[in-house]
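I have placed the structure first, in the form of structure tokens, so that the comments after it can refer back to it.
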Amino acid sequence: MIKQLPIRAKLTLWYLLATFAAVVLFGLISCGVLYYALLKEKKTHLLGREERLVRLIEDNRAKNISMPLVQQLRNYALVTHEGNLFLLRREDGSVFFAAAPGNDRWQQVPAADGCRELHYAVLRLHNGLTMVQCHRIQLDGMALQLNVGSSLDEEMEILHSYLVALLFVLPVLLLLSSLCGYFLSRRAMGPVERLTRAALEIGIGELSARVPVPAPRDEVRQLAEAWNQLLERLEAAVNRLSQFSADVSHDLRTSITIMLATTELALQREQSEQESRETLKRIVEECCTAATLLDALLSVVRSKNFIHEASFERLDLNVLVLNSCRRVEDLAESKEVLLDWSLCADPVWIDGNALLLNRLLGIFLDNALKYTPAQGEIRAEVFVRNALPGIRVRDTGVGIALPQQEKIFERFYQADLRERQPRGGNGLGLAIARWIAEAHQATIRLESAPQAGSCFEILFPEPAERKAVAKEYAEPVQGERIFP
């Protein structure tokens, strides 16, 4: 049941139990100390009675008072408080003087050495506790064993009163400790409650917010720092998932647009059976490309830290450009844009990933089709410059101003060309193209001017001698450049 209580109640309860244990322990120790002090004071009192008796007998002897020793002892017992608790024995153990009947019971006093040293014992005499002192002394030339006692009733009364006072104060102390424990638990849990309220105010759309970190370097500060680290990891994961969704939508939209354009052209004109089969074959290929692309992106998002192991192989740029152009030629025809390509006579080899490079070329061609008006022209070229292979995509579209050229490769940035484009984008294509190029250690160069078209050029490094290499690449988060 205690486990189900709030932490504040648990702290208060533990504080109450600790206070109760402390008060009980204090009571036991203080009672012991008080009892010891009272007995010590009683021993001092009994030793003083012995000293006064010896001094009285010696003074009477010095004054030549002719009185028997027994009579002197009897007079001493009459004028002394608790004089009846008085007994003298000879060396053989016989009673020499007893101030009251029944004093012979004092022989129970333990004195193995015959009371040559002071011995004390607490005995129950006359229906009460009595402290008895036993000591061997010399009286009037006689060696006697002195037994002198004093009642402990007064000391027991003091001890009893103290215990009653403790029992009366204990509930008050427990009540005060409960109040103090509740107050201290509120103060102790205050920073945790503030952290909880701050954490509850952070939603999935406000992951950039952080819980306040207190100044003292204590456990609460460690908790706040742990919360903020968790929020940072969660924010990064959500950003990556958002980026993944945006990238999927961008790439699938391109495939869907191509399939729609191919289907619309097939419906607008009469086709032979062979042409219809070619059209369906192209649609099937585009569906396979979209499915392959989706599987690749899913493998990226499922992998740790969104890192994907991309297998590189020897590729011919001529084949890549030809396949990419044929993929969008129906879309270009539907937009009344002339699409042409120029290939090298010999194979142009690079080391790369075919799926990623098809995405890159598809992005450039898709952008060119979006921003090139009807009757315009798009041309894809394969070239080799200083032994370095490359691809160039030219268009006669609206072009891009110089200030905008510095930002178009940022995620979600869109140039102000919406009044001149038939369908809007989401500002992701060129950002994806950039990290694909960086994964291949390629560079992208742009030449463009308003109303003068654009030219995107990708220059690849010289291919390695090995047939295939493995590289790690990662989708970049917003505002971050990722290098292989």
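The values are calculated or read from the model by the stated rules, or taken from the named source; none is laboratory data. Predicted model, so just to flag it, every value in this text is computed and none were measured. Positions of Cβ are generated from backbone atoms using ideal geometry, with glycine treated the same way; all protein chains shown enter the neighbour counts.
The set of residues in region 343-389 being more than 17 Å from SER454 (Cα to Cα), not in a helix (DSSP H, G or I) and not hydrophobic (A, V, I, L, M, F, W, C) consists of ASP346, PRO347, ASP351, GLY352, ASN353, ARG385, ASN386, PRO389.
Could you tell me which residue of region 18-66 is farthest from SER161 (Cα to Cα), considering only residues that are loosely packed, with under 13 Cβ neighbours inside 10 Å and of a type in the set (Lys, Arg)? Only one residue fits best here, namely LYS63. Contact map, region 4-33: first residue polar (S, T, N, Q), second residue assigned to a helix (DSSP H, G or I), Cβ cut-off under 6 Å, separation 6 or more or different chains; pairs are THR12/GLY181; THR12/TYR182; THR12/SER185; THR19/SER177.
In this structure, GLN133 does satisfy being in contact with a Ser or Thr (Cβ under 9 Å, 6 or more places away or on another chain), of a type outside the set (Ser, Thr, Tyr) and touching a residue at least 12 places away in the same chain (Cβ under 8 Å).
Condition check for VAL220 on (1) in contact (Cβ under 8 Å) with a residue 40 or more places away in the chain; (2) surrounded by 17 or more Cβ atoms within 10 Å (Cβ to Cβ); (3) under 26 Å from the mean Cα position of the chain (by Cα): one failure, at (1). Checked against (1) surrounded by fewer than 18 Cβ atoms within 10 Å (Cβ to Cβ); (2) at pLDDT 75 or above, ARG253 passes all but a single condition, namely (2).
Taking each residue of region 454-468 that is at pLDDT below 80 and looking for partners that are not polar (S, T, N, Q) with beta-carbon atoms closer than 6 Å, six or more apart or interchain, yields PRO463/TRP349; PRO463/ILE350; PRO463/ASP351; ALA464/ASP351; LYS467/ARG314; ALA468/PHE312; ALA468/GLU313. Of the residues making up region 373-413, those that are more than 18 Å from ARG445 (Cβ to Cβ), under 55 Å from the mean Cα position of the chain (by Cα) and either surrounded by 16 or more Cβ atoms within 10 Å (Cβ to Cβ) or of a type in the set (A, V, I, L, M, F, W, C) (or both) are VAL398, ARG411, PHE412.
Take the conditions (1) modelled with pLDDT under 90; (2) outside any loop (DSSP other than H, G, I, E, B); ARG392 misses just one of them, which is (1). Among the residues of region 159-168, those identified as hydrophobic (A, V, I, L, M, F, W, C) and in contact (Cβ under 8 Å) with a residue 12 or more places away in the chain are LEU159, LEU163, LEU166. Of all the residues in region 58-84, those that are of a type in the set (D, E, K, R) and either within 60 Å of the chain's Cα centre (by Cα) or within 21 Å of MET131 (Cβ to Cβ) (or both) number 1. Scanning region 290-339 for residues that are hydrophobic (A, V, I, L, M, F, W, C) and not in a helix (DSSP H, G or I), we see that the one that is modelled with the lowest pLDDT is ILE307. When you look at ALA111, is it surrounded by 14 or more Cβ atoms within 10 Å (Cβ to Cβ), over 60 Å from the mean Cα position of the chain (by Cα), modelled with pLDDT of 80 or more and farther than 17 Å from LEU73 by Cβ, yes or no? Against the criterion (surrounded by 14 or more Cβ atoms within 10 Å (Cβ to Cβ), over 60 Å from the mean Cα position of the chain (by Cα), modelled with pLDDT of 80 or more and farther than 17 Å from LEU73 by Cβ), ALA111 does not qualify.
Residues satisfying the criterion are absent from region 45-57 (criterion: closer than 23 Å to ALA121 by Cα, under 60 Å from the mean Cα position of the chain (by Cα) and not charged (D, E, K, R)).
For region 77-97: of the residues being closer than 16 Å to ARG49 by Cβ and either touching a helix residue (DSSP H, G or I) at 6+ places or on another chain (Cβ under 6 Å) or free of Cβ contacts under 8 Å to residues at least 12 places away in the same chain (or both), which is surrounded by the fewest Cβ atoms within 10 Å (Cβ to Cβ)? Across region 77-97, the extreme among qualifying residues is VAL79.
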